[in-house]
1. Considering only region 136-175, how many residues are under 18 Å from Trp113 (Cβ atoms) and of a type in the set (D, E, K, R)?
2. Residues of region 132-148 being over 18 Å from Asp104 (Cβ atoms) and either acidic (Asp, Glu) or part of a strand (DSSP E or B) (or both), which ones?
3. For residues that are among the aromatic types (Phe, Trp, Tyr) and surrounded by fewer than 19 Cβ atoms within 10 Å (Cβ to Cβ), scanning just region 16-59, find the one that is modelled with the highest pLDDT.
4. Output the number of residues of region 101-137 satisfying the condition of being surrounded by 18 or more Cβ atoms within 10 Å (Cβ to Cβ) and out of contact with any strand residue (DSSP E or B) (no Cβ under 6 Å at 6 or more places or on another chain).
5. Which of (1) in contact (Cβ under 8 Å) with a residue 12 or more places away in the chain; (2) more than 19 Å from His29 (Cα to Cα) is the odd one out, the single condition Pro55 does not satisfy?
6. Criterion first (surrounded by fewer than 16 Cβ atoms within 10 Å (Cβ to Cβ) and in contact with an Asp or Glu (Cβ under 6 Å, 6 or more places away or on another chain)) does Ala63 satisfy it?
Amino acid sequence: MKWLFYGGAALVVLVVLLIVAGTFLPREHRATARATFRASADTLFARIADVEAYPRWRADVKAVRRLDATDGRAAFVEETSQGEVRYAVEASEPPRRRVTRIADEELPYGGTWTFALEPVDGGTRVAITEDGFVEPPLFRVLARFFFDPHMTMERFLADLGKELGERVSVERVTY
């Protein structure tokens, strides 16, 4: 019986230590992934902006549904195996820039994805920059050591390449 008590006490101490450690980790983070495509900026921007088509070509998206505008901005819900997340389009400047923001104040995380499209020799470079935050200190520790902020962006770019019949090499940018 005392082993059960010691095990429970050790678990409580571990959680408290993780929470304390999380208070010293930064709330905000920035990560960028980019890839170069043969396709034009117009073609790429059209694919990025057509959120209803995401389930057809993005491996991690099950469904997308449009919502009524939020503060005059286009809005949609994206459903993945992780659940549903509501987004608002903060800026849309075809064919060079698009910004989406997590528009769900109930989540313990949030932020924006900025898609920047720039012409390069023979194609277009697409860079996705995540400016995000993780609120609870315990989640910050988990995010820091168990979740890669580049992973979803890399998958997005690779899936976009497949959709266009291109094999792309994705590059991580660290800050």
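The values are calculated or read from the model by the stated rules, or taken from the named source; none is laboratory data. Since we're looking at a predicted model, the values are computed, not measured. Ideal geometry is used to build each Cβ from the backbone, glycine not excepted, and the neighbour counts take in all protein chains shown.
1. Number of matching residues: 7.
2. Across region 132-148, the qualifying residue is only Asp148.
3. Within region 16-59, the subset among the aromatic types (Phe, Trp, Tyr) is 24, 37, 45, 54, 57.
Adding the requirement that they be surrounded by fewer than 19 Cβ atoms within 10 Å (Cβ to Cβ) leaves 24, 57.
Working: Phe24: 78, Trp57: 98.
Within region 16-59, the match that is modelled with the highest pLDDT is Trp57.
4. So the answer is 0.
5. Among (1) in contact (Cβ under 8 Å) with a residue 12 or more places away in the chain; (2) more than 19 Å from His29 (Cα to Cα), Pro55 violates only (1).
6. Spelling it out, Ala63 is indeed surrounded by fewer than 16 Cβ atoms within 10 Å (Cβ to Cβ) and in contact with an Asp or Glu (Cβ under 6 Å, 6 or more places away or on another chain).
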